[in-house]
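The values are calculated or read from the model by the stated rules, or taken from the named source; none is laboratory data. Values in this document were obtained by computation on a predicted structure and should not be read as measured data. Cβ coordinates were reconstructed from backbone atoms using ideal geometry, including for glycine residues, and neighbour counts include every protein chain displayed. Side chains included, ligands, DNA and RNA excluded: accessible areas come from the protein's heavy atoms. Shrake-Rupley method; radii C 1.70, N 1.55, O 1.52, S 1.80 Å.
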Amino acid sequence: DPEPLDLADVVRRSLDRVQLRTSEVEFVSELNSCLVLGDSQSLERAITNLLDNAVKWSPAGGTVTTTVTDGVVTVSDNGPGISPEAQAHVFDRFWRADEARTLPGSGLGLSIVKRAANRHGGSVHVESTLNQGSTFTLTLPTTTVDEA
């Protein structure tokens with residue numbers, strides 16, 4: 001059952017978890033409180049997947065930037081970027097870019113993000129430029145205390 005959640009708190013828990021697993025990248029965040037109706041575990045898993053991918057693709061010493069504003073979560077890295085051809089498939093189940101085939105993972109992480117977004121009435125998309133990095137944006141409908 002969906003419950004009112006502060007999206008910034010959900011992202012903060014995901015950030016805490018991911019930061020414990022790496023010292024290779026710097027994390028920068030700006031988390032503004034906003035209420036969404038949702039399943040905390042599902043959203044936390046989706047956001048953790050986005051953060052894990054950003055860490056995986058960031059160079060040592062790179063930066064992962066995360067923001068939350070008005071139901072929109074962005075996770076950006078300064079990794080190698082994703083080709084336009086690959087961007088069309090990154091949310092497909094079990095799909096892995098050629099560059100990712102030697103790295104850990106099953107190709108399910110971003111499809112889990114998409115599923116969570118859809119289940120919450122939201123969406124997810126990617127913007128990426130080769131050799132400059134990627135930004136994943138998870139957009140969820142917000143609510144008010146009165147609606148919750």
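Residues in segment 119-138 that are among the polar types (S, T, N, Q), open to solvent by 50 Å² or more (accessible area, probe 1.4 Å) and at pLDDT 95 or above: 123 alone.
Selection of segment 44-91 for residues being open to solvent by 40 Å² or more (accessible area, probe 1.4 Å) and more than 22 Å from residue 12 (Cα to Cα) yields 59, 60, 80, 84, 85, 87, 88, 89. So how many residues does segment 35-64 have that are more than 30 Å from residue 1 (Cβ to Cβ) and among the hydroxyl-bearing types (Ser, Thr, Tyr)? Number of matching residues: 2. Of all residues in segment 92-111, exactly one satisfies the criterion of being surrounded by fewer than 17 Cβ atoms within 10 Å (Cβ to Cβ) and either under 14 Å from the mean Cα position of the chain (by Cα) or at pLDDT 95 or above (or both), namely 108. Within segment 45-91, being of a type in the set (Lys, Arg) and modelled with pLDDT of 95 or more holds for one residue alone: 45. Being open to solvent by 70 Å² or more (accessible area, probe 1.4 Å), modelled with pLDDT of 95 or more and out of contact with any strand residue (DSSP E or B) (no Cβ under 7 Å at 6 or more places or on another chain) is a property that residue 21 lacks. Among the criteria (1) farther than 18 Å from residue 144 by Cα; (2) open to solvent by 70 Å² or more (accessible area, probe 1.4 Å); (3) without any contact (Cβ under 8 Å) to a residue 60 or more places away in the chain, the one residue 14 does not fulfil is (2). The condition of being surrounded by 15 or more Cβ atoms within 10 Å (Cβ to Cβ), touching a Lys or Arg at 6+ places or on another chain (Cβ under 8 Å) and not β-branched (Val, Ile, Thr) holds for residue 31.
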